[in-house]
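Taking it in order: structure first as structure tokens, then the write-up.
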Amino acid sequence: MSSPTSTRSPQGEPSSESTGRSGPLAHLILNGTLAAVFATLFVRAGDLPSSMWEPLGSGSFPRLVLAALVAINLALILKEARTFAALAPAEKGLVGRWCWRHRLAFGVLALFSLYIFAVPMLGFALASLGFLLAGQWLLGARSGKALLIGLVVALVFSFGVDTLFRDVFVISLPRGLLG
Amino acid sequence: MMDALLAGLDQLFTLSTMITMLLGVVAGIIASAIPGFTITMAIVLTLPLTFTMDPLQGVATMLAVYVGGYTGGLISAALLGIPGTPSSVATTFDAFPMARNGQPGRALALGIWASFFGALVSAVVLIIAAPPLALIAVKLGAWEYFSLIIFAMTVVASLVGKSMLKGLMTGLLGLFIATVGADPMMGVPRFTFDADLLANGFPFLVVLIGIFAVSQLLSEVEDADAIQHGKALIPDDVSFRPLDALRETLSYPVNLIRSSLVGVFIGAVPGAGGSIANLLAYDQAKRASKNPETFGTGNPEGVIASESGNSATSGGGLIPMIALGIPGSAVDAVLMASLMVHGIGVGPRLILDHGDLVYGMFMAMLLAAFMVLVVCLFSMKLFLRVTDVPRSVIVPVVLTCCVVGAFALNNRVTDIYLLLGIGVFGYVLSKLDYPLAPLVLGVILGPIAETNLRRALMTDENWTLFFTRPISLALLVLAAISVGLAIRHHRRQKRATMA
């Protein structure tokens, strides 16, 4: 889960809200999950075949990397556990406020996910047209002029790009319904 | 030599070659400015168009795309914080904060001049010192390659982010991601779980786009209140003063020359291209700077180092290709393929048999660098118009381009599903303050690291050779020093914060 953890935004702007234990907790969940996944994969990599031509088989290098990953994730868990113990619980309603502030990011992500799964079914051009129109509307293109510009942009980057790739670069993007 | 040089110049300075080179420069800049369109992709797309040209015109056009591409990567790195190509990862560290601080024009102008001088230095070194440099590069065996990658990974992990452990974690995660799919030596499927989605592994371009573009774009739209108040992606000040930037670039001569030479050398090492040069040049500049703490906040030295470093690899990469027939990077491999399409064998006899072509290529490098400079200086105001485009347009359009970029690489729908998954995972990592650059570098370097480790041990099972071969040992010592310095730096910072 992405959580209200960062004391800093990606652009380096400090967040004014105190996140308390929620940051270390998110780290503990992530690092704990990753450590468990990597440990399982480490065991599975042992089944990969070895070679009579070389001392290292298919599984040796991945096992080397996975062992280091497990160790680093355990080290991060220890570090975050100490921070977690030293901090007070997060303010009430913090997660709700954080989710509300990030509503556009979640909206774009949901739309993008729909778009990705629509591409093979509807084809690149139609799916892109829908995604570009809906995406621009979601992000604030609501006036008549903005919607008109949005329509032109959507046509250029859906049917225009599709034509460019098919006719100039001889790369056929998924055709879907138009196929 | 003079006869060959003159013959090469004669072939190069024809109207048709100049026009196709100019088009190549523009195409390279635009393609690399679009996140997800790497220089390799632009070159691959150019290749079929050169089949009907004569060999020098074809290669010169592709070189123009190549040189233009290194500068084009700067545009999205500086304006959007998304490296247009893997070779602009370090450019985002300072050019993007500079643009964010209200100086996008300065960030671009500095990058353009630094790219120009980097390409110029590399072309001059290529002409003067190609044979001896190629001899050094070819001495690197599998042990040295593996040690070089260890060094590069430790540099990257110590370079980015606030925690080295987190940098190492994402770097190793990248190495692991690279192991998914077919084993590079035996072809055995690994960690695919019989799923079509994972059968071909994670193509590095898909990881690059997902990690940098998708997660960055989600970050761009996360502050709903700022967007609803119409806050622009970059502040309105888009003044572009190339002469001031030229003076500023030349005021760091040591940084400029050092970074360019790092780029030339790294470019000459097969497999280690612009992505490593970009980061190493940046790292060297940071270590040598009187104000290393200002790196990452919009320091001009960082922009100059990263851009001159990556542009200089264009000439460096040609050194082993021309002298030995070993491509320095994927782009050089495509260039090599274009010569072979015309029936020209690339190898030690290339200079002897086709001197005019080789010297024509050298001159084409120089000419392309000048063309990129002129095109950028006269058209950069157009590129700066990107800052006027509202977020509501940029975000969906770039996401669409990401899908095109991810799909067009292998024509596989599964790659766009991977793109979504990696983008979301990258977003989660970035929210938890994990640096993302080491992950991408890990994915790119993973197969090279594994192949060379296994090759080294196939040649000789003695592990100690990694520590007894001088160049390998030197690289491992440098890696240890890099880790030591990073730990010391973090401790000092921690003490300063507590004081």
Ordered by residue, what ³J(HN,Hα) values in Hz, to whole numbers, does the range B:442-455 give under the Karplus form 6.51 cos²θ - 1.76 cosθ + 1.60, where θ = phi - 60° and Gly and Pro are x? x, 5, 5, 8, x, x, 5, 4, 5, 4, 6, 4, 5, 5
Calculated log₁₀ intensity ratio I(q)/I(0) where the Debye formula runs over C-alpha points of the range A:102-178, q = 0.22, 0.25 Å⁻¹: -0.97, -1.10
Peptide-level mean, for B:162-175, of C-beta atoms on other protein chains within 10 Å: 4
Within chain B, which is the longest segment that contains none of the trypsin sites (Lys or Arg not before Pro) sitting in a DSSP loop with at most 16 other Cβ atoms within 10 Å? B:350-499
Sum -39500 (n - 2.57) across every DSSP H segment of at least 4 residues in the protein assembly as shown, then divide by the residue count to get the 222 nm mean residue ellipticity, nearest 500. -23000 deg cm²/dmol
How big is the C-alpha Rg of the range A:21-143 next to the rule-of-thumb value 2.2 N^0.38 Å, as a ratio? 1.63
Projected-area average for chain B over all orientations - Cα convex hull basis, square nanometres: 23.7 nm²
DSSP-assigned coil residues among chymotrypsin sites (Phe, Trp or Tyr not before Pro) in the range B:164-218, each with at most 12 further Cβ atoms within 10 Å: B:193
Over chain B, what is the relative contact order in percent, taking alpha-carbon pairs closer than 8 angstrom and at least six residues apart? 29 percent
Which values of log₁₀ I(q)/I(0), to two decimal places, follow from the Debye formula for the protein assembly as shown at q = 0.09 Å⁻¹ with a uniform point scatterer at every Cα? -0.76
Taking beta carbons within 10 Å but only from partner chains, what does the mean come to for residues A:92-102? 1
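Quantify how strongly other chains surround peptide A:46-58 by giving the mean number of their Cβ atoms within 10 Å of each of its Cβ atoms. List each step's numbers first, then the result.
Working: counts 0, 0, 7, 3, 1, 6, 0, 4, 8, 6, 9, 5, 12.
If you average over the peptide's residues, the count of other-chain Cβ atoms is 5.
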Going down the table (B:166/B:286; A:79/B:162; A:145/B:431; A:92/B:494; B:162/B:381; B:381/B:431), which pairs top 24 Å between alpha carbons? A:145/B:431; A:92/B:494; B:162/B:381; B:381/B:431
Near residue B:423, within a Cβ-to-Cβ distance under 14 Å, what is the net charge of the other residues, with Lys and Arg +1 and Asp and Glu -1? -2
Where does each of B:192, B:313, B:497, B:17 land when they are ranked from fewest to most other beta-carbon atoms within 10 angstrom? B:497, B:192, B:17, B:313
Net charge, residue B:436 excluded, C-beta distance under 14 Å - Lys, Arg +1, Asp, Glu -1: +2
Per-residue Cβ contact counts at 10 Å, fewest first, order B:66, B:282, B:417, B:359 as B:417, B:359, B:282, B:66
Taking θ = phi - 60°, what integer Hz values does the Karplus form 6.51 cos²θ - 1.76 cosθ + 1.60 yield along the range A:22-34, in sequence order, with x for Gly and Pro? 5, x, x, 5, 4, 4, 4, 5, 5, 5, x, 4, 5
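To the nearest 20 debye, what is the magnitude of the charge dipole of the protein assembly as shown about its Cα centre, counting +1 on the Cβ of each Lys and Arg and -1 on the Cβ of each Asp and Glu?
1880 debye
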Please rank B:351, B:444, fewest neighbouring Cβ atoms within 10 Å first, as an exposure proxy. B:351, B:444
Qualifying trypsin sites (Lys or Arg not before Pro) in the range A:81-161, DSSP loop, other Cβ atoms within 10 Å at most 14: A:92, A:142
Just to confirm a number: summing +1 for Lys and Arg and -1 for Asp and Glu over residues other than residue A:150 whose beta-carbon lies under 15 angstrom from that of residue A:150, what do you get? +3
Starting with the highest mean, order A:132-139, B:52-59 by the number of other Cβ atoms within 10 Å, averaged over the residues of each peptide. A:132-139, B:52-59
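Here, each number is a calculation from the coordinates, and none is a lab measurement. All values derive from a computational prediction rather than experimental measurement. Backbone-built Cβ (ideal geometry, glycine too); neighbour counts: all protein chains shown.
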